[in-house]
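Novice: Dropping the structure in here first, questions after.
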Amino acid sequence: MAVIGITGGIASGKSTLCRALAALKPVRIFDSDLCARSLLNTDAAVREAVIRDILPSAYRADGTPDRAAIRAVVFSDSVAKARLEAILHPLVRKQRLDLALETLAEGRDLLVDIPLLFETDASLGFDCIVTVACSSAIQIQRAMARGLASTQVEQIIASQWSNSQKIAQSDFVIWNDGSLRMLEAQALELVCRLKLRREK
């Protein structure tokens, strides 16, 4: 059984690929972004550190994080971005490693949706790395459909490794400029290639 890193830029289709793979084989999925959001929502120590080190007004009166305000700070200030990563990444990593042990003991693969796999130097923690890539125009279009402004998307893309950098260090690449059906066909091909790789 394997821990498979699914990485790629914003709105490239990582989560969609994970779902397509999960429909084809018995796997579990760990969503790094979802884990980080949960920590921001529920972890008191994270809340305290974010308010202290990132933005005093990072949380609303009702206790929920102001994600737009936090995003605006970290993508315009590299020091704030590094501080937020130092707060969240070790906690996310621990949850990922704990789930990996549990999943492998069950005899299943773990798919890890991890946008900053290379940027956080986490590649040694994976048996296989898959990059999901698409054109920047498609990324911007998809991310804007989620409610982000084009300037925000461009800042996020600029802060991440380029497609060529990720592809050069990946075991497999999924190109996701097309339809869902095309992505699902590539997911099926990936499952076959992973099976062959395991049998060698």
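The values are calculated or read from the model by the stated rules, or taken from the named source; none is laboratory data. As the structure is a prediction and not an experimental result, all values here were calculated from the model. FYI the Cβ positions are ideal-geometry reconstructions off the backbone, even for glycines, and counts take in every protein chain you see.
Novice: Among the numbered criteria (1) over 23 Å from residue 163 (Cβ atoms); (2) in a helix (DSSP H, G or I); (3) in contact (Cβ under 8 Å) with a residue 12 or more places away in the chain, which single criterion is violated by residue 38?
Specialist: Answer for residue 38: the failing condition is (3).
Novice: Could you tell me which residue of region 132-145 is nearest to residue 176 (Cα to Cα), considering only residues that are more than 16 Å from the chain's Cα centre (by Cα) and not small (Gly, Ala, Ser)?
Specialist: 138
Quick grid of which residues meet (1) over 13 Å from the mean Cα position of the chain (by Cα); (2) not in a helix (DSSP H, G or I):
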position	(1), (2)
82	yes, no
96	no, no
119	no, yes
130	no, yes
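Novice: Let me ask something additional. Among (1) closer than 19 Å to residue 72 by Cα; (2) surrounded by 17 or more Cβ atoms within 10 Å (Cβ to Cβ); (3) touching a residue at least 60 places away in the same chain (Cβ under 8 Å), there is one condition residue 148 misses while meeting the rest; what is its number?
Specialist: (3)
Novice: Out of region 158-182, which residues are part of a helix (DSSP H, G or I) and within 23 Å of residue 126 (Cβ to Cβ)?
Specialist: Passing the criteria: 159, 163, 164, 165, 166, 167, 168.
Novice: If you don't mind, another one. Name the residue that is surrounded by the most Cβ atoms within 10 Å (Cβ to Cβ), counting only residues in region 71-81 that are within 16 Å of residue 157 (Cα to Cα) and not charged (D, E, K, R).
Specialist: 74
Novice: A further question follows. Among 174, 114, 129, 156, which is the only one that is modelled with pLDDT under 95 and buried (at least 19 other Cβ atoms within 10 Å of the Cβ)?
Specialist: 156
Novice: Of these, 181, 193, 142, which one is under 18 Å from residue 16 (Cβ atoms), free of Cβ contacts under 8 Å to residues at least 60 places away in the same chain and of a type outside the set (Ser, Thr, Tyr)?
Specialist: Of 181, 193, 142, the one residue that is under 18 Å from residue 16 (Cβ atoms), free of Cβ contacts under 8 Å to residues at least 60 places away in the same chain and of a type outside the set (Ser, Thr, Tyr) is 181.
Novice: Right, another one. Could we say that residue 173 is over 25 Å from residue 67 (Cβ atoms), in contact with a Ser or Thr (Cβ under 7 Å, 6 or more places away or on another chain), free of Cβ contacts under 8 Å to residues at least 60 places away in the same chain and not aromatic (Phe, Trp, Tyr) here?
Specialist: Spelling it out, residue 173 is indeed over 25 Å from residue 67 (Cβ atoms), in contact with a Ser or Thr (Cβ under 7 Å, 6 or more places away or on another chain), free of Cβ contacts under 8 Å to residues at least 60 places away in the same chain and not aromatic (Phe, Trp, Tyr).
Novice: Which residue pairs have Cβ atoms closer than 8 Å, lie 6 or more positions apart in sequence or on different chains, and pair a first residue in region 100-114 that is touching a residue at least 40 places away in the same chain (Cβ under 8 Å) with a second residue that is among the polar types (S, T, N, Q) and in a helix (DSSP H, G or I)?
Specialist: Every condition considered, the pairs that remain are 109/103; 110/103; 112/32; 113/15; 113/32; 114/32.
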